[in-house]
Structure formats: structure tokens, C-alpha cells
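Written out below as C-alpha cells is the structure these notes cover.
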Amino acid sequence: MAHRVTGVLIFFFLFVHVLDTALVRVSPEAYDDTVAIYKTPLVNLMEYGLVAAILFHALNGLRVIAVDFWSKGARYQKQMLWTVMGIWVVLMAGAFYPVLSHTLRELFGS
């Protein structure tokens with residue numbers, strides 16, 4: 001279920017990204033306004049969520065491939081899920097400051 005949800009979220013992001021990038025041809029001023037909105041703390045938190053979704057989707061996709069194509073995959077799918085979750089948590093902890101540094105500085109100062 002989470003794999004499908006993250007896939008839909010990533011698709012939605014890509015759709016919005018294509019639209020906002022195309023906006024530069026229609027109205028450069030509107031594009032600049034949109035980019036200014038993207039520099040807000042709320043959007044930065046959403047970017048962290050995007051990183052979380054992409055990372056989980058990628059790691060879980062590898063697990064799904066292993067379950068489908070490895071003869072013992074079905075037997076070890078629960079352990080592989082916990083491994084994916086552990087790797088995801090570690091990588092998300094490592095991504096916390098690099099992704100959110102702008103917002104942290106804006107909210108709490110340098």
C-alpha cells in the first residue's frame with residue numbers, strides 16, 4: 001500500500017514540476033512568483049517529504065523485485081521490509097539537515 005501511495009505522490013510532484021517549469025514560457029513573472037513560494041519553510045518541509053517518498057519508493061521497489069525474482073524472496077519478505085525501513089530511517093536522518101537547513105536557519109537563525 002505504501003509503495004502505491006509514494007508512487008502516486010511522486011507522480012503528482014512530477015506533474016506539478018512540469019507545469020511550473022512550463023510556466024516560464026507563459027509568464028516569467030508568474031514563474032518567479034512560484035519559485036519564491038517554493039523557498040518558504042512549508043514547501044521545504046514538503047521537499048523533505050518528497051525525499052522520504054522517493055527514497056522509500058526506491059528501496060521498497062528493490063524489495064519487491066527481490067520478492068518477485070528471488071526464489072526465497074517470499075520467505076524473507078518481512079525481514080526485507082524491516083531492512084528497508086531501517087535503511088530508510090538512517091538515510092532520512094542523514095538527509096534531515098541538508099534538506100531542511102534553509103528552513104532551520106530561517107526559523108532559528110544562523
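The values are calculated or read from the model by the stated rules, or taken from the named source; none is laboratory data. As the structure is a prediction and not an experimental result, all values here were calculated from the model. Here the Cβ positions follow ideal geometry from the backbone for every residue, glycine too, while neighbour counts run over all protein chains shown. Note: areas computed on protein heavy atoms with side chains; ligands, DNA, RNA excluded. Shrake-Rupley method; radii C 1.70, N 1.55, O 1.52, S 1.80 Å.
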Next item on the list: Quick one: order 14, 23, 62 from most to least accessible surface, probe 1.4 Å.
Entry: 62, 14, 23
Checklist line | Angle in degrees between helix 41-69 and the longest Cα principal axis of the chain, rounded to the nearest 10 | finding: 20
Notebook entry, point to check: Taking the Cα atoms only, what angle lies between the long axis of helix 77-108 and the longest principal axis of the chain, rounded to 10 degrees?
Noted result: 20
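Once the Cβ-Cβ distance between residue 82 and residue 29 is put in as r, and R0 is 41 Å, what FRET efficiency do you end up with, to the nearest 0.05?
On the way: r = 50 Å, r/R0 = 1.21.
Plugging the Cβ-Cβ distance into 1/(1 + (r/R0)^6) gives 0.25.
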Checklist line | Heavy-atom accessible area ranking, 1.4 Å probe, most first, across 78, 72 | finding: 78, 72
Next item on the list: Over the chain, calculate the relative contact order: mean separation of alpha carbon pairs under 8 Å at least 6 apart, over the residue count, as a percent.
Entry: 31
Check: Tell me, what is the 1.4 Å probe accessible area of residue 101, in Å² to the nearest 10?
Finding: 20
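Compute the Rg to Rh ratio over the chain from the alpha carbon atoms, using the Kirkwood formula for Rh, and round to two decimal places.
On the way: Rg = 17.9 Å, Rh = 16.2 Å.
Ratio of gyration radius to Kirkwood radius for the chain: 1.11.
Can you give the Kirkwood hydrodynamic radius of region 1-63 from its Cα pairs, in Å with one decimal?
It works out to 12.9 Å.
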